[in-house]
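Coordinate-derived values only; no laboratory data. Given the structure is predicted, the values throughout are model-derived calculations rather than measurements. Cβ atoms come from the backbone with ideal geometry, glycine included; neighbour counts cover every protein chain shown.
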Amino acid sequence: MKTLTRACLVALPLVGGAGAHAAETPPWLHEGPRTHLDGRTDDLVTGGLGADAMLGSPPGYADPEHPSVAELRRASLFLRSSAGQGFGRLFGPGVDEETGQALPEGGKVAGDEVLAYADDGTGRQNVAMLLQVPANLSAERRCLVAIPVNGSSSLYRDVVDFGFWGLRHRCAVVYTDKGHGNGFHLLEPDTVNLIDGRQVPAAEAGTKAHFRADLDESARRAFLAEWPHRVAFKAAHSKENPERNWGENVLQSIRFAFVELARRDPGFTRENTLVIGTGSSNGGGAILYAAEKDTAHLMDGVVAREPQVQLRTDDRVVVTRGGTERRGSGRTLLDYFTFGNLYQPCAVLAVPGIPLKDRVPYAENRCRSLRDKGLLTADTTDGQARESLDRMHAYGWDPETDIGHAFGYFVAPDATATKYANDHGRFDLRDRLCGYSYAATDAEGRPIAVPAAQAAQNFAIAPGGAPAGAIDVVNDDDPSGPRRSWLSVSRSTGRQDFNLDGAACLRELVTGHSPDAARVQRGISEFVATGKLDGMPTIIVHGRSDDRVPVSFSSRPYLGLNDLADGSRSRLRYIEVTNAEHFGVDLPGFDTRMVPLTLYHLRALNLMWAHLTRNAALPPSQVVRTTPRGGEAGQAPPLQAGNVPQISDRPRAGDAIVVESGHVVIPD
């Protein structure tokens, strides 16, 4: 029996109760393909591959230039994992949570899938949603897990990572790409994605295109005549600023799930169904936005992992760690991304033994160009690198994030910054904001036509934007002609310095007063979080070594902002995990020093489940101190249970995180 919570006391207006009203379809819901998976040849979690396949190579295609829908789905489900990090032993869809033993079916789950869009009828929004219903869906303890997907990825990105958790608990699981998903418009062939991943002519797709650039035929031809081979994608070019609706999109996905579930079983109502919302990174931020907007009480509890959540300004928030005190409610994504995009490549040179240093080949040039622009004062490369790192620390990056600076820059903060700058400012792709555009490029970085195989497979290849396969960010202002931004020369410096001119332009959009900056800043103001969860049971887990979404900009100040908003009614718990970074990478140098945060996400879900089903107490906010695997880079011993202690129900004083009147105290 589900523990009685506030959500049980409020009926769901749209789908509460049985009968015809329960299956009433809201006008924004446009349902698409339905698929049954037998749990043997194909399944909800692994695409028929079995969990162990995630330790190998991605699945292929019978015809790479003409993949089937099933092949695209299977490739999208694939998530490369690491046995050394404990996948398949300590966690994962093929592991029995209670015994730790491998499941005989390899984590496969039979059931049904339903794809749908939320849209106003124009096709401009087309927020993608996916409902997974396991064949053994529980009728005794009805439950639903709502997941806004990570980043700008496809709907299947989080299934192997943690979406399987809901299916293992015999819950339905509903995903949404929150209007930010993997929709590409390849302008030259004029093809677009459908919700099932197929790339088809834009005219054929019509309003069912996942995304179509806002260009008529003459405008498309004129743009390509001047800028050949360019591509557009939804996360940058929708002109919708979708982040302002992320929370509402999550709530729409829950309503969609109840419409579909009630059709299958009229007894499936909000009043008797446990609903947990959970997400990672952008999805973690979206689930917090949804909880703040959940006035209809559609969710019972929330678990957010490393949330990319942007907060309204509140100088009453104070975060203290050791001798460092930071005032204010963190920083927005574009703020810290554009700052890091300037200084991070130079700072790499100041971190001894940093993994993947060779992936940042023009770091010294960036240091020199920053000095020439007056953005650094030191005269030597070593001094400039140290000054860059010091500036990042002063801006909010903890020293524990230093290990990730080379990998973090290799993952391309310029691509992320350009995506969100275009997104928040609602820019047209023809604006080529800050001289950036997007195209497939050759070995020299020059724009080329998207290779046929990538065009066909883009749904599974691309993470919702550039870089993706051959597609990357292009610097149209390179004096020698458009070239991949990383390889390009800055016009003002004459150097290959990772396009400092573009990075400085992006920074101005955050700090400046130009018309373009005003558009971007206005867009950001439309979605900042308030911290008001209205007593919603919530657990946030975040890695102290997160370089992509540093804790100082997000989770730590969110705890303080929530304390100010909810006061004594707050049921937010914050778990900060040492030696855990954002991506869960197991590359040499990371394998010896980092543990997977995914494991703590799954544990937090178990704790929330126990709280909502058995009224077990939520754990106090705390620092969990893990032990890295050690050994030699690239040869770290396998992670053991002793490396990753449980979240404590009684943390010792030196590990307890305390918050009072917006003041957060983090143990060193």
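Side notes on the structure shown:
- Under 20 Å from the Leu55 label point (7 Å along Cα→beta-carbon), backbone N, region 162-177: 162, 164-165
- Using the Cβ-Cβ distance between Leu587 and Asp216 with R0 = 35 Å, the FRET efficiency computed as 1/(1 + (r/R0)^6) comes to roughly 0.15.
- C-alpha center-to-center spacing [region 597-624, region 322-361] in angstrom: 31 Å
- Relative contact order of region 338-451, defined on C-alpha pairs under 8 angstrom at six or more residues apart (%): 29 percent
- Reported to the nearest whole Å, the Cα centre-to-centre distance from region 226-288 to region 527-596 is 21.
- Neighbour cut-off at most 16 other Cβ (10 Å), DSSP loop, trypsin sites (Lys or Arg not before Pro), region 603-658: Arg625, Arg652
- Using equal-weight Cα scatterers in the Debye expression, the normalised intensity of the chain in log10 at q = 0.09, 0.12 Å⁻¹ is -0.73, -1.39.
- Restriction of the trypsin sites (Lys or Arg not before Pro) in region 53-90 to DSSP coil positions whose beta-carbon has at most 15 other beta-carbons within 10 angstrom yields Arg80.
- Listed residues Gly662, Thr377, Ala62: farthest to the positive end of the dipole of the chain (Cβ charges): Gly662
- Segment Thr320-Arg495, length gained on full extension (0.36 nm per residue, minus Cα span): 58.9 nm
- Taking GluC sites (Glu not before Pro) as exposed when DSSP calls them loop and at most 11 other C-beta atoms lie within 10 angstrom, the chain has its longest site-free stretch at 141-443.
- A cut-off under 14 angstrom between Cβ atoms defines the neighbours of Gly642, and their net charge, with Lys, Arg +1 and Asp, Glu -1, is +3.
- Rounded to the nearest 5, the antiparallel percentage of DSSP beta bridges internal to the chain is 60%.
- Karplus-derived 3J(HN,Hα) values for region 555-571, using 6.51 cos²θ - 1.76 cosθ + 1.60 with θ = phi - 60°, are 5, 4, x, 4, 4, x, 5, 5, 4, 5, 7, 9, x, 5, 7, 5, 10 Hz; glycine and proline are entered as x.
- Between the amide H of Val95 and those of Leu103, distances stay under 5 Å, these residues lying 5 or more places away or on another chain, with hydrogens modeled in the peptide plane.
- Relative to the Cα centre, the charge distribution of the chain, modelled as +1 at Lys and Arg Cβ and -1 at Asp and Glu Cβ, gives a dipole magnitude of about 1000 debye.
- Under the convention that each Lys and Arg Cβ holds +1 and each Asp and Glu Cβ holds -1, the size of the dipole of region 496-634 around its Cα centre is about 720 debye.
- Simple point charges give the picture: +1 on the Cβ of Lys and Arg, -1 on the Cβ of Asp and Glu, and for region 333-524 a dipole about the Cα centre of about 320 debye.
- Applying the Karplus relation 6.51 cos²θ - 1.76 cosθ + 1.60 with θ = phi - 60° to region 392-406 yields 3J(HN,Hα) values of 5, 4, 5, 7, x, 6, 6, x, 5, 7, 4, 4, x, 5, 5 Hz, where x marks Gly and Pro.
- Sorted by Cβ neighbour density within 10 Å, fewest at the top, the residues Met536, Met129: Met536, Met129
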